[in-house]
Ligand code: NOJ
Ligand code: CA
C-alpha cells in the first residue's frame, strides 16, 4: 500500500532508571486514557477510562510459559519509550481511500528481578477510539524457543453489559448471535443445539469469541478483538459470569499447547475499541492501523469485484457438486456414471458467463468442477480432492476461452474438506493450473475436521496455513476468499490479495438450516466484520419457495438483500441468486449492477447493534453515492439527511424500498422503486418493513434525467 505521511511523527525516548514499583504510566488520546503499573508482586496491571467512565478496571497482563510458571510476576520496570504518530495511508481497496493512523505509543520494558531475569516488553497504542496492546519478547540470553501454555490477559469489565456473543468454538464461527447480559453467557446451550455441517468444538461452557460487542448501561459501546494474528494462535475469551472479568482463552493445538515462539517475537495486538456512539465503532480503522502495510509491492492486479456463480443451486438442492451418485461403478467411457444433476457442466457454466457478461458482473464462481465430491465430507481423510482435475463434463479450456472472449473472470474453487495437508502438497500445482486457465481468484474451503489431525481451524498451525495460502496466492497473482478460516484480524492490509473470508454464519444458512435471524445482519458489522470483509453472499431475490422444507426461507425482505451490499462491505461481493431469478426482476437487479465494491468514502449515518444500520458510501471516481439501510424484525422509519452530498450539485436518487405492505415473513418479495432529484438539503424518509431494508443509488444528475421530480 502506498503511504503518504502528512505529519511526521515525533519520537521521545525516556530510558533508564525509572524502576520504581507502583509508578503509574499514563497515555492519553482525547477521551481514551490508559494507565499501567506493576502491582506489589511485580505483576503488570492496566486499566482504561473513556472520559470519566472506567471501561476496563485494573486487569492483569501476563504469559504463562510451559516449564516456567513464573513469567507473569516479579517484574520490575526498566524503562519506557514513547512516541506519537499521525500519518495517513491509502488502502488498495476498501470503505475509504485514505486512513488516518493517529496514536500515542508507550513501550514498557520489564525485567524479572530474580531467577532467569527474563525480559518482556508491553507495547500500548492509544488511539482516539480505543487501545491496542501486545506482548513483545526481546532477544535475550534466557529465552529463545518457548511454548506459550497460556496467556493471562484480563479485561475486567465494569458491569453486566449487554453482549452480542457466539460460543468459544475452536473450529467455527458459524453461529447465530445471542444478545444477553454477560452474566447469562452459556456457550454449551448453543453448541449442543447446533445441527449443521460445521465442525464444533466448544471446550469451555463460559467461552465466547471475538470480535465481542458490548454495550454498557450508560450507553458506552465496547468492542474487544485482536489485530494482526500471525505466528500465534487465536484469542477467545473466558467469562467470569459473577465478576464480569474476561480472561484470554487461547485456542490449543493437538498437544494442548497454545503457541510456539522464537524470540525475538511478539503476540498479535489485543484491541479494545470504545465509543459513546455505535456509528464510531463501525467507522473505526484501529484494527487496520495496527496491521503492517502491504507486503505486496505491485498491487495493480488486485481488483475488487462482483460475481455470480454455480453455487446457490447446489445449496438449495437444485443441482449437485458431485458428478455421480454411483462413484464406484464406471460407465463405458471409463468415467463414473453421471447423475444428470451435476451443476458444473460446461453448458450451465456458459449460461452464467453470459449472464455476467450481459450485466457487467466481473466474475463467475463454479463449485463442484473438480473430482472428489462424491465422498468429500465427514470422513477425516487425506487426498479427497484433486485441484487440477476437472470432471468429464467441465471443459476447463473451452470455458475459460469463452469467459475470456466475454471479458469475464472465472473464480476457482478449492474445497479442502479440512485436509490442509493435502492442499499444501498440491498448492503449487493448483495455482499453476489457475494461471494456465486464467483464474484470477480462488475461493478456498475448510469444511470438516482439520488434518493435521487434532489441529483446529483457529489454532496456530492453521493460522500459519491460511497465511501460507495468501502468500502463495500473491506469488501467482491470485486473489483469495477463504471459507471456514479463523476470523479476520485486519491482515488484509498486509496481504491485500486476501479480499474476503467467510468465518461467520453466511446467508447460506437460509438454504440448509433454520436460517439467520432477522437481526443477524444488524449484528455482524459490529462483530464478525470488525476484523475484515465477509463473503456473506447477499442478493437472494427468491426469498421463499427455493426449498422443499416447509417454512424455510430467507429471513429478510428482497430490498434488505440489496441494502446488504452497502451495510456489509466486501470487495468481493456475490450476487448469489440464480440468473433466472434475477431475470424476472431486472429493475431491482439494477442496484446490484450499479453498486460498487471499492469506495472513496463512507458515512455511518445511524447504527445500533441488533437493531438497525444505515450507511452511505461514495464510489471512487464518479461522485455517486450508494446507501443501505436495514432493520431487525421491527419495522422502522429512517430519516436520512443527505448532507454528505456536494453543495450546489443536483443528483438523482433511485430508491429500492420495501412495498408498503412488505414484511420479511409474509410479503418479503414486494418492493417499490422510485427516482427523484435530490441535493445536500434533502432529507430522505425511508420506511423499512419488519426485517426489511432500503437501498438507494444517488448519482449526479445528467442531461438524460429530464422530467424526474424533486424529492419531497
Ligand atoms: C461451505 C461454504 O461456506 C460454501 O460456500 C461452499 O459452497 C461449501 N462449503 C462447499 O465447499
Ligand atoms: Ca461455511
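Translational diffusion coefficient of the range 189-318 at 4 °C, 1.567 mPa s, Stokes-Einstein with Kirkwood Rh over Cα pairs, in µm²/s as a whole number. Value of D from the Cα-based Kirkwood radius: 69 µm²/s.
Quick one: divide the alpha-carbon radius of gyration of the range 644-712 by 2.2 N^0.38 Å and tell me what you get.
Working: Rg = 13.6 Å, N = 69, 2.2 N^0.38 = 11.0 Å.
Taking the Cα Rg and dividing by 2.2 N^0.38 Å, one obtains 1.24.
Find the Cα radius of gyration of the range 418-567, compare it with 2.2 N^0.38 Å by division, and give the number to two decimals. Intermediate values should be presented prior to the final figure.
Working: Rg = 16.9 Å, N = 150, 2.2 N^0.38 = 14.8 Å.
Here the Cα radius of gyration is 1.14 times the empirical estimate.
With the biggest extent put first, the Cα atoms of the range 296-426 measure 44, 34, 28 Å across the principal axes.
Per residue, the convex hull spanned by the Cα atoms of the range 195-260 measures out at 144 cubic angstrom.
Could you order the peptides 317-323, 293-299 from most to least packed, using the average number of other C-beta atoms within 10 Å per residue? Intermediate results must be reported in sequence, preceding the final value.
Numbers: 317-323: 20.3, 293-299: 14.1.
Per-residue mean Cβ counts within 10 Å order the peptides as 317-323, 293-299.
If I fit a long axis through the Cα atoms of helix 396-405 and take the longest principal axis of the Cα atoms of the chain, what angle between them do I get, 0 to 90°, rounded to 10? Once rounded, one gets 80 degrees. Multiplying the residue separation of residue 377 and residue 142 by 0.36 nm and subtracting their alpha-carbon distance yields 80.0 nm.
When peptides 391-404, 258-271 are ranked by their average number of other Cβ atoms within 10 Å per residue, the highest-first order is 258-271, 391-404. The range 460-484 and the range 407-452 have Cα centres separated by 10 Å.
The distance separating the Cα centre of the range 66-122 from that of the range 349-399 comes to 46 Å. Seen against the Cα atoms of the chain and their longest principal axis, helix 558-567 is set at about 40 degrees. Size estimate for the range 149-260 follows the Kirkwood approach: the inverse of mean 1/r over distinct Cα pairs works out to 14.4 Å. Between the Cα long axis of helix 346-359 and the first principal axis of the chain there is an angle of about 80°, rounded to the nearest 10. With all pairs of different C-alpha atoms in the average, the Kirkwood value for the hydrodynamic radius of the range 26-142 is 15.7 Å. From most to least packed by mean Cβ count within 10 Å, the peptides 440-448, 418-426, 183-191 give 440-448, 418-426, 183-191.
Between residue 318 and residue 398, how high is the FRET efficiency from 1/(1 + (r/R0)^6) when r is the Cβ-Cβ distance and R₀ = 25 Å? Nearest 0.05.
The computed FRET efficiency comes out at 0.60.
The spacing between the range 581-626 and the range 233-247, judged by their C-alpha centroids, is 36 Å. The orientation-averaged shadow of the Cα convex hull for the range 512-653, equal to a quarter of the hull surface, comes to 9.4 nm². Normalising the average separation of contacting C-alpha pairs (under 8 angstrom, six or more residues apart) by the number of residues puts the relative contact order of the chain at 11 percent. For the range 420-507, the Stokes-Einstein estimate of translational diffusion at 25 °C and a viscosity of 0.890 mPa s comes to 185 µm²/s, using the Kirkwood hydrodynamic radius over alpha-carbon pairs.
Each principal axis of the chain carries a Cα extent, and these read 75, 68, 48 Å when sorted largest first.
Calculated mean residue ellipticity, 222 nm, the chain: -4000 deg cm²/dmol, from DSSP H runs (n ≥ 4) at -39500 (n - 2.57) each, averaged per residue and rounded to 500. Using C-alpha pairs under 8 Å with a sequence gap of at least 6, the mean separation divided by the residue count of the range 492-549 gives a relative contact order of 43 percent.
Any read-out appearing in this document is the output of simple, stated calculations on the displayed coordinates, not a laboratory observation. Just so it is clear, the model here is predicted, and its values are computed rather than measured. Neighbour counts run over all protein chains shown; Cβ positions are idealised from the backbone, glycine included.
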